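I have placed the structure first, in the form of structure tokens, so that the comments after it can refer back to it.
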Amino acid sequence: KAVLLRQGMWDKETKVIPFNRIQNVKLIQNPLHRAFGVARVELESAGSRKPEAILNVLRYADAVNLSELVQSQGRIVASVPATDGQPMPSAPLSGTLLLRMNLAELIRYGLVSNRGLIVLGAAVGGASQFMGDVWEFVLRRLLKGLDLTGQVDRFTHLSMPAMLMAALSVVMLVVVFVKLLSIVLALWTHYNFQLVEQPRRLQTERGLLSRWHDAIVKSRIQAFRIRETIWHRLLKRRTVDVDTLAGSESGTSEDGMPKAVSNHLLPVATPAQVAQIIEHLAPAIRIDGRQWEHVSMRNVWRQLAEWALIIVPVLCTTQIVAHFVEPARLFINTPLYWASLVMLVFVAVAQSWYNVRYAAFSLDAQSFGIRKGWISKTWHLAEIRRAQVVSIKRNPLDRRFGTASLVMDTPGASRGVLQMDYLPFERALDLRDTLLGAINRSVIRSE
């Protein structure tokens, strides 16, 4: 039972790909594909970083039937009727619907994502790189029209409260523009997003004009990563990514070309939906009711020691530069310099305190999880049976403060390392032995 693929006119090539080697059949439809009722098909196999085979044009009905045939391991399935080349809308995904994003959720996804800032930065960088002369001309005309020199002069003559209000207004305008751009991108790439559970995989479909059909093989999911930024908390939403085995990073970009992709499971969902879906997919992992163990607040001093390794060299460098450079010497004698230095120290103290305050880990009989962050929070959870290596790391600061980092690595996942910092060295040893014992028991049960 295999897929037999023949291609080429002068140089002919024949490929035979067994069904049990194919991990995913990926369908991509750009507007032209959708107009003619065809699709681009990629066959991905286990362990491969690029598709084993690519069919650039295949009737959509045949593509869906091929996907169903591979999923059923060659058993006869109900076929999608052909349309004799007529345009055909995308058929709904078969399986159990886990999540569908409506317009309100798409707007929330745009608000919590930073894709607008990334696209804006890439556009500016690309314009300056490939259209240097044109970009320089446009920028010069823009600066001349805005009378930037005059604006700066007027700004510096404002009172301190007025300067703060003007700066805050500019920042707010930039944030609003970036968020509006992110919402547009969210509508473009995730319109009518739906996550469907099938017997062997999780299938997603999304896109406004172009449609992308992606899949994550359930058996290759190694860990779950839950993210919550300040925007997520304001909207009472969370984002979930999954770490998968090597080889699943190969994917398709939005222009239909192979590239590395992030494994988004839930672009945005409520905390209740996140807990329900993760516990459904991995019953060994509990989200609600986990017992979290915090680290000692004495680790604030360890964090401040890390900040000191940054602040002290910066301070010494500015003083040395000011000794030889007249403008720098004038700058360090202004209130702005000392205010910036005080602000940096305040940020270092606040971040150190909150990072240690919210750092915690959770270990039960079947799963291990860590929690980090205070402005942007991250939960990283994995089943113990997925672990491959458990180790302890210590840097010079760890040895000085008697701490260590516990690392649990899942096999092949590019981001699948769960690392818990600031643990007392003896506690890290105990946790390592406990995890190793649980891993050995899970291996014995699987055998």
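The values are calculated or read from the model by the stated rules, or taken from the named source; none is laboratory data. On a predicted model such as this, the values are computed, not experimentally measured, just so you know. Cβ atoms come from the backbone with ideal geometry, glycine included; neighbour counts cover every protein chain shown. Heads up: the accessible areas ignore ligands, DNA and RNA and are worked out on the full protein's heavy atoms, side chains in. Shrake-Rupley method; radii C 1.70, N 1.55, O 1.52, S 1.80 Å.
Greater than 22 Å separation of Cα atoms is the criterion. Which listed pairs, Lys236/Lys372; Lys50/Lys393; Lys50/Lys218; Lys15/Lys50; Lys26/Lys236; Lys26/Lys218, meet it? Mind dumping the intermediate values first?
Details: Lys236/Lys372 18 Å; Lys50/Lys393 34 Å; Lys50/Lys218 19 Å; Lys15/Lys50 15 Å; Lys26/Lys236 32 Å; Lys26/Lys218 15 Å.
With Cα atoms farther than 22 Å apart: Lys50/Lys393; Lys26/Lys236.
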Original post:
For the stretch 225-237, what does the Karplus curve 6.51 cos²θ - 1.76 cosθ + 1.60, with θ = phi - 60°, yield as ³J(HN,Hα) per residue in whole Hz, taken in order and with x for Gly and Pro?
Top reply: 10, 9, 10, 9, 8, 5, 5, 4, 5, 5, 9, 6, 9
Original post:
Can you give the accessible area of Phe401, probe radius 1.4 Å, in Å² rounded to 10?
Top reply: 80 Å²
**OP:** Give, in whole angstrom and from largest to smallest, the semi-axes √(5λ) of the equivalent ellipsoid of the stretch 313-398, with λ running over the eigenvalues of the Cα gyration tensor.
**Re:** 44, 16, 9
Original post:
In terms of the ratio Rg/(2.2 N^0.38 Å) built on C-alpha atoms, what value belongs to the stretch 271-357?
Top reply: 1.83
**OP:** Find the accessible area per residue for the stretch 328-447; the probe is 1.4 Å, ligands and nucleic acids are left out, and the unit is Å².
**Re:** 54 Å²
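Ranked highest first by the average count of other Cβ atoms within 10 Å around their residues, in what order do 382-393, 318-329 fall?
On the way: 382-393: 17.9, 318-329: 12.1.
Going from most to least packed, we get 382-393, 318-329.
When Lys and Arg each count +1 and Asp and Glu each count -1, what net charge do the other residues less than 9 Å away from Lys15, Cβ to Cβ, add up to?
On the way: positive: Arg6; negative: Glu13, Glu52.
Net charge around Lys15: -1.
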**OP:** Quick one: which residues, 5 or more positions from Thr229 or on another chain, have an amide H under 5 Å from its amide H? H modelled 1.01 Å from N in the peptide plane, none for Pro or chain starts.
**Re:** Lys377
Original post:
Once you charge only the Cβ atoms, +1 for Lys and Arg and -1 for Asp and Glu, what is the size of the charge dipole of the stretch 334-387 about its Cα centre, to the nearest 20 debye?
Top reply: 100 debye
